[in-house]
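What follows is calculated from the coordinates using simple rules that are stated; it is not laboratory data. Quick caveat, the model's predicted, so the values are computed rather than measured. Cβ atoms come from the backbone with ideal geometry, glycine included; neighbour counts cover every protein chain shown.
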């Protein structure tokens, strides 16, 4: 029983494996060995596959499969596939073809045996496949010959069923003859050995048809074209080539210039063309077949091309600008004259001046756009001495310019020299998608400017870290502007000052032995900016400091806080100063006093509790423990004062 089950399992496995392998197979049908391929003739590779829409490579070998060269990449469908070429290979008797799956080259098949590629006695390379010749026009036959015998040339309009000789005893490898009056797409020529007619070769199939005929429909006389607009040229005919040439004349056909190149159907067509910059009332169009120029036609009569006195190239249709932006208007004057520039915000109903009396050779002018937004803007260029001579631009738009707002410094600030400061701003509205900002600084109330920043603008990144100059000044300004739109700019509303601000800090906060109050001690500064020192104390709200006193700059640099009670709590202080004008400056670091409390411990022990001193680093806790040990060696009532020891 076990043996039968094993046999059945093995049979099923082999059956499925065979099925899966065959599903992916490729089989080459032809050439499969023994064939003769003749150079210059059409040959086909025939093969089958079992997958739809797979990609395959077709390869050729000259040396019995030792080396393969890709001929083509093709899609294969399930079933039989055929790929064809006009053969032009080196002669060999060891040719093979291989068809392989592109994704998995192991799935392939090659010719079972070799076949031959041979050169014919006559290899005809013109006419080529699909060539078209016109009746009564010259046909050129060219070939290579492997002998020097004279040749005969025959013509057939029915793919070789019947022949008419068109040349005999030709000693060279080229022959010309006139295309007969036939209408056929099954034409071939035969080149044969004049001494042995059985030795011949036949060309690829070509066509002989009646010569093209063309008739221009429009413009055919009396029409009006306007420069800057698209105009239509249309035509009819027969046997027209895929392309036609269009020429234009401004002098009733006396002279011509190349104008356009258009596609055509066999029986006619039309083309939208750009009206040329030619002012004339005697314009004509000439159309001709690209492959047969003698098939042509000309407008029966002249037509008009109007060119305005000014051709405005900028602004163009659909462009958008900001209010207040500088716009470069550019134009070309047919007859140079002194000009004015006007703008309309209501699609040409009314105009307002932007520039007047521009020299006749100007061609361009920078103007400032109005502060009013509109989607119906038009520029007018008009002759200063003739209001009737003008041109209008295409319609464009003006939108509200985005707004730059300087947050800081915006006037009145006092900054420390040679220190870091954050310049802040906002940029709101229709901000350009990609732009840069320029940040400039002036130390002389705007008389001169120095660039201090050039940065790519990212949305919501509205600050710039700046190191203030060493040079002090009371007339400082900051200006921020859009690099691409300089009209979008903002400057500090008023001047701010940059001065050398002294750095003040508390030396120590301790307890005055006489009053029992906190005493604040600091080092004096020799800065002339200081009128008085100001002491600030933190109240009940964290980080909120209020002035508790001041000391003149020429007095002793200590201050006793009469409102303090060091026995109850620790207190935080900061030190600043005030100048002669009453301006209060920034503060230094905070200092916090030590508050010591005593509580009885277990038995005859006492606990000393205190908060750390804040303001400068103190020595390690070991030093404090030494003090505690000395105090604890006493008995009875005692007073203890802890002093911070600076590291």
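To the nearest 0.05, how large is the calculated FRET efficiency for residue 600 and residue 508 if R₀ is 35 Å and r is the Cβ-Cβ distance? Intermediate values should be presented prior to the final figure.
Working: r = 31 Å, r/R0 = 0.88.
Result of the calculation: an efficiency of 0.70.
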**Fill in**
Measuring from the longest principal axis of the C-alpha atoms of the chain, the long axis of helix 2-23 (C-alpha) lies at a number of degrees, nearest 10, equal to 80
**Fill in**
Sorted on mean Cβ neighbours within 10 Å (highest first), peptides 380-391, 604-615 come out as 380-391, 604-615
**Complete:** Calculating semi-axes √(5λ) of the Cα gyration tensor in Å from this structure picks out, from [x] 53, 26, 22; [y] 96, 52, 19; [z] 51, 33, 21, entry [y]
**Request:** Could you compute the FRET efficiency for residue 394 and residue 50, with r as their C-beta to C-beta distance and R0 at 56 Å, rounded to 0.05?
**Result:** 0.35
**Prompt:** Helix 621-632 sits at what angle to the longest principal axis of the chain, using alpha carbons and giving 0 to 90 degrees rounded to 10?
**Reply:** 20
**Prompt:** Using alpha-carbon pairs under 8 Å, 6+ residues apart, how would you state the relative contact order of the chain in percent?
**Reply:** 6
**Asked** At 222 nm, what helix-only mean residue ellipticity would the chain give, in deg cm²/dmol to the nearest 500, using -39500 (n - 2.57) for each DSSP H run of four or more?
**Response** -2000 deg cm²/dmol
**Asked** Using 7 Å Cα-to-Cβ label points, what is the residue 433/residue 538 separation (nm, one decimal)?
**Response** 5.2
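Given a Förster distance of 41 angstrom, what is the FRET efficiency for residue 138 paired with residue 35, based on the Cβ-Cβ distance and rounded to 0.05?
Details: r = 37 Å, r/R0 = 0.91.
About 0.65, to the nearest 0.05.
Find the relative contact order for the stretch 499-618 and round it to a whole percent, using C-alpha pairs within less than 8 Å whose residues are 6+ positions apart. Intermediate values should be presented prior to the final figure.
On the way: 248 pairs, mean separation 29.1, N = 120.
It comes to 24 percent, rounded to a whole number.
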**Fill in**
Pseudo-spin-label distance residue 131 to residue 455, built 7 Å along Cα→Cβ, given in nm, is 7.2
